[in-house]
Amino acid sequence: MSETRSHPSELRFRSALGAIPAYIPGKPPKRVDGRPSYKVSSNENPYPPLPGVLRAAMRAVESMNRYPDLTSTALLEALSARLDVPVNRLAVGAGSAAVLYNLLQATCETGDEVIYAWRSFEAYPIAVALTGATAIEVALTADGRHDLDAMAAAVSTKTKVILICTPNNPTGEVVRGDDLQAFLRAVPVGVLVVIDEAYREFVREPRAVDGIDLHREHPNVVVLRTFSKAYGLAGLRVGMAIGSELVMAAIRKCAVPFGLSDIAQQAAIASLAAEADLLQRVEGIVGERSRMVNALRELGWEVRDSQANFLWLELCEDTHAFAMAAEAAGLIVRSFPGEGARVTIGEPETNSLFLDVVRQWNVHKRSPIG
Ligand SMILES: *Cc1c(COP(=O)(O)O)cnc(C)c1O
């Protein structure tokens, strides 16, 4: 009965919702001709949980009839010890995406402006639009970096927040520490500068910014980090913010109560305990990243170094055809038609399969990029 009694015209939503683009998730892997296929479109960690992490999560599963610790006390204490940051300068949530949403909800409303580089993380336009604020997108430089001068010049009296993604998703480029220091001197202290370091553990460039160092001197700096990528907990949703006490308190006010399950909290604590093993896996991925970049260059492809667990292939108008060729071989890459494709560094076999796709492409399809 209810199907025939809907009154869509009487349902009112916030006007901000009209401006929200849909988040396009990485495609699920599909079997091609019965062969296995691999999802290298979401920058996930390819390795399954370590036994200790799995055991901690399983123990927590047994008490799923109970609410989790609302304040995530044990996790905050473990993070505090690990990062050398007091607990009141930390906030956790269901992924760093949730923490970012909370932060924007705490700071922005209609009439405000949020500046970020573009192209960058696809969640930004959505998260900003949801608050009713206006997104000011500043084009990346031709080599895929943040144009910090242009971003500083875009600041107005309406600017509330600036988002800096380093390494940038999808280009893999980092912002340098000295450049960000200069940027912070140029930006009013009343503007929050959010440094999204989702891929920090994969960075090997010594001049790259370290947000946690920077936040100690700058009360308007907030750092976002996550357990989703290097620590392999994408499916459990644990992320964090590091920043001034005042900002962290504002984030907490906006958080959905009990948003971080006990399973997630326990797995994150166990991951910190197992950090040495997890970072060894990260080292393996960083090694594979070099192997992929070198191999692609040998194949005549112009590819930039990446400081994250993915590579950006600036295929321009060939992007869609290349993504289709990869899919036919069982690899789901992230395609931004007309711009480029992002491919996650996976296990060695997956990466080798990707290089085979590129070899085939060189032979049968088009001439190499560049
Ligand atoms: C993957 C990613 C995140 C992490 O999101 P979670 O919600 O923590 O899983 C944040 N920022 C960027 C740029 C990312 O690519």
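Every read-out reported here was derived from the displayed coordinates using simple, explicitly stated rules and does not represent laboratory data. None of these values were measured; they are calculated from a predicted model. Because the Cβ atoms are built from the backbone with ideal geometry, glycine has one as well, and the counts that use them run over all protein chains shown.
Listing for the model above:
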{"quantity": "Two-site FRET efficiency, A74 against V363, from Cβ-Cβ distance with R₀ of 35 Å, rounded to 0.05", "calculated": "0.05"}
{"quantity": "Distance histogram in 5 Å bins (all Cα pairs of the stretch 180-338, percent per bin)", "calculated": "2, 7, 12, 15, 16, 15, 14, 11, 6, 2, 0"}
{"quantity": "Relative contact order [Cα under 8 Å, 6+ residues apart], the stretch 207-363, whole percent", "calculated": "15"}
{"quantity": "Bridge type composition, the stretch 51-274 - antiparallel percent by DSSP, nearest 5", "calculated": "30"}
{"quantity": "Exposed-site-free run, longest, the chain (rule: chymotrypsin sites (Phe, Trp or Tyr not before Pro); DSSP loop; at most 14 other C-beta within 10 Å)", "calculated": "24-257"}
{"quantity": "Cα gyration tensor, the stretch 308-370 - rounded (a/c under 1.5), prolate or oblate", "calculated": "oblate"}
{"quantity": "Likely footprinting exposure, H364, H320, fewest C-beta neighbours within 10 Å first", "calculated": "H364, H320"}
{"quantity": "Between the stretch 170-188 and the stretch 315-361, the alpha-carbon center distance in angstrom", "calculated": "30"}
{"quantity": "F13 paired with C316, simple spin-label distance in nm, labels 7 Å along Cα-to-beta-carbon", "calculated": "3.7"}
{"quantity": "Lys/Arg +1, Asp/Glu -1 at C-beta; the stretch 51-274 dipole; positive extreme among L76, M240, G190", "calculated": "L76"}
{"quantity": "Cα convex hull of the chain - mean projected area over all directions, nm²", "calculated": "21.6"}
{"quantity": "Length-normalised contact order of the chain in % [C-alpha pairs under 8 Å, at least 6 apart]", "calculated": "23"}
{"quantity": "Net charge of neighbours whose Cβ lies under 15 Å from the Cβ of P188, counting Lys and Arg as +1 and Asp and Glu as -1", "calculated": "+1"}
{"quantity": "Distance (nanometres) between label positions extended 7 Å along Cα→Cβ at T141 and L54", "calculated": "4.5"}
{"quantity": "Computed magnitude of the charge dipole of the stretch 51-274 (debye, nearest 20; Cβ of K, R +1, Cβ of D, E -1)", "calculated": "540"}
{"quantity": "Per-residue [θ]222 nm for the chain (sum of -39500 (n - 2.57) over DSSP H runs n ≥ 4, rounded to 500)", "calculated": "-11000 deg cm²/dmol"}
{"quantity": "Signed unit charges on C-beta, dipole axis of the chain, positive-most listed residue A91, Q307, T166", "calculated": "A91"}
{"quantity": "Positive-end residue, the chain charge dipole about Cα centroid, Cβ charges, pick of S228, V61, T110", "calculated": "V61"}
{"quantity": "Residue-wise HN-Hα coupling along the stretch 194-209, computed from phi with Karplus coefficients 6.51, -1.76, 1.60 (Hz; x: Gly, Pro)", "calculated": "9, 9, 8, 10, 4, 10, 3, 5, 8, 7, 10, 7, x, 7, 5, 5"}
